[in-house]
1. Let me know the charge dipole size of segment A:139-278 about its Cα centre in debye, to the nearest 20, where only the beta-carbon of Lys, Arg (+1) and Asp, Glu (-1) is charged.
2. Long-range amide H contacts for residue A:398: which residues qualify at under 5 Å (H placed 1.01 Å from N, peptide plane, sequence gap of 5 or more or a different chain)?
3. What lysines sit close enough to residue A:204 to cross-link, taking a C-alpha to C-alpha distance under 19 Å and skipping anything fewer than 8 places away on the same chain?
4. Hey, can you grab everything whose amide H is under 5 Å from the amide H of residue A:120? Only 5+ residues off in sequence or another chain; H modelled, so Pro and N-termini drop out.
5. Arrange the following residues from fewest to most other Cβ atoms within 10 Å of their Cβ: B:111, A:48.
6. Just rank B:279, B:223, fewest to most, by other beta-carbon atoms within 10 angstrom.
7. Out of all DSSP beta bridges with both ends in chain B, state the antiparallel percent to the nearest 5.
8. Just to confirm the filter: which trypsin sites (Lys or Arg not before Pro) across segment A:124-212 are DSSP coil and have at most 16 other Cβ within 10 angstrom of their Cβ?
2 protein chains.
Amino acid sequence: MNRRRFLGAAAGLGAAALYPRGLAPQGTAWRSWRVNGARVNQHLSDLSRFGRNPQGGVSRVAFSPADVEGRAFVMELMRAAGLSVRVDPVGNILGRREGSLAGAPPILFGSHIDSVPEGGNYDGDVGSMSAIEVAHTLSDRSYPNRHPLDVVVWADEESGLTGSRGFVGDLSDEDLRTPGRDGVSLAEKIQRIGGNPLRIAEAKHGPGSVAAYIELHIEQGGILDQAGIQIGIVEGIVGINHYDITINGFANHAGTTPMDQRQNALLSAAELVLAVERIVRAEPGRQVGTVGRLLVKPGAPNVVPGEVALTVELRDLSMEKIEALWDRIYRELQTVTSKHGTTFRFAQQHSNVAALSDPHIREVIADAVANLGFTSQVMPSGAGHDAQDLAHICPMGMIFVPSVKGISHSPAELTRPEDVTNGANVLLQTVLRLDQA
Amino acid sequence: MNRRRFLGAAAGLGAAALYPRGLAPQGTAWRSWRVNGARVNQHLSDLSRFGRNPQGGVSRVAFSPADVEGRAFVMELMRAAGLSVRVDPVGNILGRREGSLAGAPPILFGSHIDSVPEGGNYDGDVGSMSAIEVAHTLSDRSYPNRHPLDVVVWADEESGLTGSRGFVGDLSDEDLRTPGRDGVSLAEKIQRIGGNPLRIAEAKHGPGSVAAYIELHIEQGGILDQAGIQIGIVEGIVGINHYDITINGFANHAGTTPMDQRQNALLSAAELVLAVERIVRAEPGRQVGTVGRLLVKPGAPNVVPGEVALTVELRDLSMEKIEALWDRIYRELQTVTSKHGTTFRFAQQHSNVAALSDPHIREVIADAVANLGFTSQVMPSGAGHDAQDLAHICPMGMIFVPSVKGISHSPAELTRPEDVTNGANVLLQTVLRLDQA
């Protein structure tokens, strides 16, 4: 583990360094402002009504009735927080608090409220409710923000970052027209949530049009929880390469085929599974590698496996490291197939390029964390987020709060109320610092 | 490989040793008798019409219309070979040639004509057509057999040796009543082919009621074909132990779960797959061990495998060896699960006890082979056969002919016409020797 703690003293950052122009509205009183922890946790609980599962958690799949109802609730909360609400052509919900500085680009912060099927109450929801809570706090304090502040709840994060892709101009006509697994096109679905697929181009934001994007999210892994650290400062969202590999041997009768006459595809596959683990762990760093799917054909107890189809997924902040790992795995694949008289073919399915957060924003978050007295750690995000799309058009930063036992995409997902409040306070103090910079 | 060749000189067996009573009807002229090779291969080709697949081979699943039609064809052939035909209460077809020796138990020989779905034209069919051909040859020669000779075509070999189990009294009421996967009971299916499930007990034969059972069959493996040997003399049908193993880890997000925080069930499973191979191959002998089914859950590219269910199947002529192999595999299972923080459970699903062929019958077959000038090898049968049931009530012997490339249970299954003829001649000469003993 490569952990760095950002404590105020160690980071050596102060208001003087952060606010070179010396503009600090209302003096430094805002430094003691805190969100209403009870309120944000209550809103989180209220939101969990929409799409609640019998066994706990929610199934609030994007574009479903539960999602539509949840979005209406979000818009009410935004209005109650003093925001003026609109839905952009992609279906993103934007709540604006106008700023005083003419022509200044907006500071954007938020997350999503759609879930995976049988998901939990925290993934996306913590960041969305906290962003609204930050706006509510600023409204309560009548804060005279300089930049426009835009609270955003992205459309359809879970099935492919639809809302943020549209926002940065990365949704093609084909993406919109092609029917999904349910036979319904994205265009039709976007209409269901109040978007306008015919005007999708108007949702697009180019580089420079946004001052910064900040997203608070649950970690979804167990690093913070296991280490007892309160806040994660995300250094970037990992890149992902996904390879589909098929190993072919020869299916034969398990009784009549002697051991030395077999071409057993599963032996090659088993060696590859262990090689992926060995190669990925062979060097320091936080890269991960996973064989998550592995299908054996024909799959009968009395037949020597003739074919194994499996996936290899590699993730790291460095695409070069991912490629280097794959080179080693590929060589191992050649070795373990020739060893057992099998053959292979592979296809790289897709590549998500790693998105680094902005170093200055990391420093601002670290300063806010230090000022709040929280422990923190710089860490990658192993999961994908809308923030990776925003990184294409503006400086981006992410704040993580702990997931108990690292469980996510499950009704058992849990982030403790105090951690929700902590995260919302870091978001508040980060937005305030950025607004005054 | 532990191969012994039985050649006449090496075996040192002659008529004097085999026929102590000196009874050799018709002198020794019968030693030069041969089957009609063209006829038996023509019948094999004729039989392949019933249930023929568009892509070759047959789907003549037991109790199907194709099976019923094939059985009618078999009965015609039996009658043409001079046999009197009956269907016993289990549905076995028996064609008798009466003998001259009062009270002598019958010599039984035959095989089956049902196939697996999308099977080949040789598994079972070669033995069935050859048995009828032997009877036809004896009829052509007006051979005055001493024992009654019963040509048998067993009902439903492929789904569980139904016919031979009923013949030896090993079919329970529950076996008959329980609906199969298709919802139809065995009792109802037996009626479809002319059996009588209410009188199943009458099909039962006790020890001593049959003089000998001989079955000619294709090897279904590649040992004879690879070595270029003409005949296999089966020393026994291997025993089979089948274990179902479930390994449990913890399914988690492949992006957010660091390598050292995973409980990856697939890592334990991969190590076990390789351990089974290593342990089974570690000592000399013809034992085989196979992991043929392996299911990974949840089976998504981006989720660390939380559960793997797999099968281990072990086969050998010695049940003691199978148990000793399992002991070693079980210890390895303990090691590889604790190593990766996973747990396991297992259940032994069933055990087929090994069935040895009769040493005297092996000698008789070896003498016939030697006299015919064929090369041969003593070998286990890795696949199950009706002969394993018959071993409970009478001396049993099996003759193998080569399967090209060892392919079986496939439309690509092939045994060359000359090998069919060779096998039928070994069967003829074996039956003649046994009848005169």
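Coordinate-derived values only; no laboratory data. Computed from a prediction, not measured in an experiment: that's the story for all the values here. Positions of Cβ are backbone-derived with ideal geometry, glycine not excepted, and every protein chain shown enters the neighbour counts.
1. On the way: 11 positive and 20 negative charges, 50 e Å.
Dipole of segment A:139-278, to the nearest 20 debye: 240 debye.
2. Amide H neighbours of residue A:398, under 5 Å, 5+ apart: A:215, A:234.
3. Once the sequence-local lysines are set aside, what remains near residue A:204 is A:189.
4. Under 5 Å from the amide H of residue A:120 lie the amide H atoms of A:58, A:409, A:410, each far enough along the sequence or on another chain.
5. Details: B:111 28, A:48 19.
So the residues, fewest neighbours to most, are A:48, B:111.
6. Details: B:279 20, B:223 24.
The most exposed by this proxy come first: B:279, B:223.
7. Details: 45 of 66 bridges.
Of all bridge pairs located within chain B, approximately 70 percent are antiparallel.
8. Details: sites: A:141, A:146, A:165, A:177, A:181, A:189, A:192, A:199, A:204; in loops: A:141, A:146, A:181, A:204.
Of the trypsin sites (Lys or Arg not before Pro), the ones in loops of segment A:124-212 whose Cβ has at most 16 other Cβ atoms within 10 Å are A:141, A:181.
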